[in-house]
Amino acid sequence: KPLAQKVLAVHPSAYRTPPPLVLAMVVPEPPRAAWELMLLAALLVLFPQRVVGAPRSPDVVDPLDEGHELSQPFASEDQGADAPDWLTLLQTRTGLLSRAAEAPAAGAEAPPAGGPGGSDEGPGTAAEASGWADQWQDDLQLPAESSLLQAGQSRWSPNFRTDTTSRVLVYPAKKLAFCYIEKNACTQFNGLFNALNHKTGPGDVWWRSIMPNIGVDPATATREKGWKWAVFVRDPLVRYLSAWGSKCVQREDSGMNCLPEGLFSSGAVSDFEGHVVASHANPGPNFLNPHWAPQQDFCGGLHNASGYDFVGHLSGDVNSQVRDMLRMVDAPLDYVDNFFPRRHIEGHRSNLNPELFYRNATIRRYVHDMFKEDYFLPGLSKTVPSGD
């Protein structure tokens, strides 16, 4: 009986330190020699999350997408538990609980991944996205097109879960508080608020205008005291693709934020599909990182943006939406074009074309499932193209 009955391999891209360590072993079925059993045991002990031995689940490839076969997922069979629910504890510690409304009732279902899921009407809600071409494209360029995005970023950042005000930008002169979310133009919004607060200069744009560093007490930044709260949300599918492009393809921050750990890529669609499969199998570690975490988890919990006076979307005319947000508090508009150029409303195509990378319906469904809570945010239930 020939060999090659079963191949156990360590995925080369799972290692950051070059040269990548690649181990492969062809084992008879079943193993008949003691050395084979010993080597197999050693591999499983040393590399429990890098050894691939299970066949692909038959439902990974969508029957409607013939020819778009997915890559074998390189992930541990240990699925792990979901990330813990920190929101109530964190809101209590930061005094933001009074600003947030109740979470969705237990058992509530997120809108389906194939199309509209109900009304998203509400005060301050910006226009809903109309499809892939209307999405924010700036961070889907390879390499990053914007000089802001090419700028070096700090490797240290406050924990977005335990320090909930670390993502709250403030403009005290007009009592504007803004919850910024990683991968939602956060570089641009940090720069905009720094300009409003006259905190520009060399170095990182991060943290200069957040609530603790400006000296605003969270207990005083309430609607009852005249403050307005704003947030910009994004189609979760496009946000996930953006995170993969910057953290796993361009390897920003020295690759430390590419999760699952070490799944680097040159930008191939098949690599992205394999990444989605691996993340879907064990999303817990991703959700502890702000670049991959659900948008609902930021700033003490968005709670479907209840308590927010303005909800913008990274789609359509973002420049006009930012202007509308600032007009709400009569803030100056002088800096908007610097950080949100009007050219982005032209809808130019990007290297990371969502239509191509989400060609497979199963991949769209996997990402939708991971971020189903985000689809309760205003306007997002209608941003998932069906692909039909």
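The values are calculated or read from the model by the stated rules, or taken from the named source; none is laboratory data. Everything quoted here is computed from the prediction, not taken from an experiment. Using ideal geometry, Cβ is built from the backbone for each residue, glycine included, and neighbour counts are taken over all protein chains shown.
This table checks each residue for (1) modelled with pLDDT of 95 or more; (2) assigned to a helix (DSSP H, G or I); (3) of a type outside the set (Gly, Ala, Ser).
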{"site": "Gly203", "(1), (2), (3)": "no, no, no"}
{"site": "Val231", "(1), (2), (3)": "yes, no, yes"}
{"site": "Cys248", "(1), (2), (3)": "yes, yes, yes"}
{"site": "Cys258", "(1), (2), (3)": "yes, no, yes"}
{"site": "Gly262", "(1), (2), (3)": "no, no, no"}
{"site": "Asn289", "(1), (2), (3)": "yes, no, yes"}
{"site": "Trp292", "(1), (2), (3)": "yes, no, yes"}
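Does Phe193 count as part of a strand (DSSP E or B), closer than 22 Å to Asp330 by Cβ, in contact with a Leu (Cβ under 6 Å, 6 or more places away or on another chain) and of a type in the set (Phe, Trp, Tyr)?
Details: part of a strand (DSSP E or B): no; closer than 22 Å to Asp330 by Cβ: yes; in contact with a Leu (Cβ under 6 Å, 6 or more places away or on another chain): yes; of a type in the set (Phe, Trp, Tyr): yes.
No, not satisfied.
Of the conditions (1) hydroxyl-bearing (Ser, Thr, Tyr); (2) over 19 Å from the mean Cα position of the chain (by Cα); (3) at pLDDT 95 or above, Ser386 fails just one. Which one is it?
(3)
Look through Leu352, Leu380 and report the one residue that is touching a Gly at 6+ places or on another chain (Cβ under 6 Å) and at pLDDT below 95.
Leu352
Residue check: is Gln296 within 30 Å of Glu224 (Cα to Cα) and within 15 Å of the chain's Cα centre (by Cα)?
Yes: the conditions hold for Gln296.
Is it the case, given these coordinates, that Thr162 is part of a loop (DSSP other than H, G, I, E, B), of a type in the set (S, T, N, Q), surrounded by fewer than 22 Cβ atoms within 10 Å (Cβ to Cβ) and within 19 Å of the chain's Cα centre (by Cα)?
yes
Criterion first (among the polar types (S, T, N, Q) and on the phi > 0 side of the Ramachandran plot) does Ser209 satisfy it? Let's see the steps before the verdict.
Values: among the polar types (S, T, N, Q): yes; on the phi > 0 side of the Ramachandran plot: no.
Criteria not met by Ser209.
Does Ala278 satisfy being closer than 23 Å to Leu196 by Cβ and either touching a Leu at 6+ places or on another chain (Cβ under 9 Å) or at pLDDT below 95 (or both)?
no
Please work out if Trp244 is of a type outside the set (Asp, Glu) and surrounded by fewer than 23 Cβ atoms within 10 Å (Cβ to Cβ).
Details: of a type outside the set (Asp, Glu): yes; surrounded by fewer than 23 Cβ atoms within 10 Å (Cβ to Cβ): no.
So Trp244 does not fit the description; no.
Given the structure, is Val277 buried (at least 18 other Cβ atoms within 10 Å of the Cβ), more than 18 Å from the chain's Cα centre (by Cα) and assigned to a helix (DSSP H, G or I)?
no
Report, ordered by the first and then the second residue, all pairs with beta carbons closer than 6 Å, sequence separation of six or more or different chains, a first member in region 319-339 that is in the same structural domain as Leu169 (by TED's automatic domain parsing), and a second member that is surrounded by fewer than 18 Cβ atoms within 10 Å (Cβ to Cβ) and of a type outside the set (Lys, Arg).
What qualifies is Arg323/Leu333; Leu326/Leu333.
Would you mind stating whether Gly316 is on the phi > 0 side of the Ramachandran plot and modelled with pLDDT of 95 or more?
no
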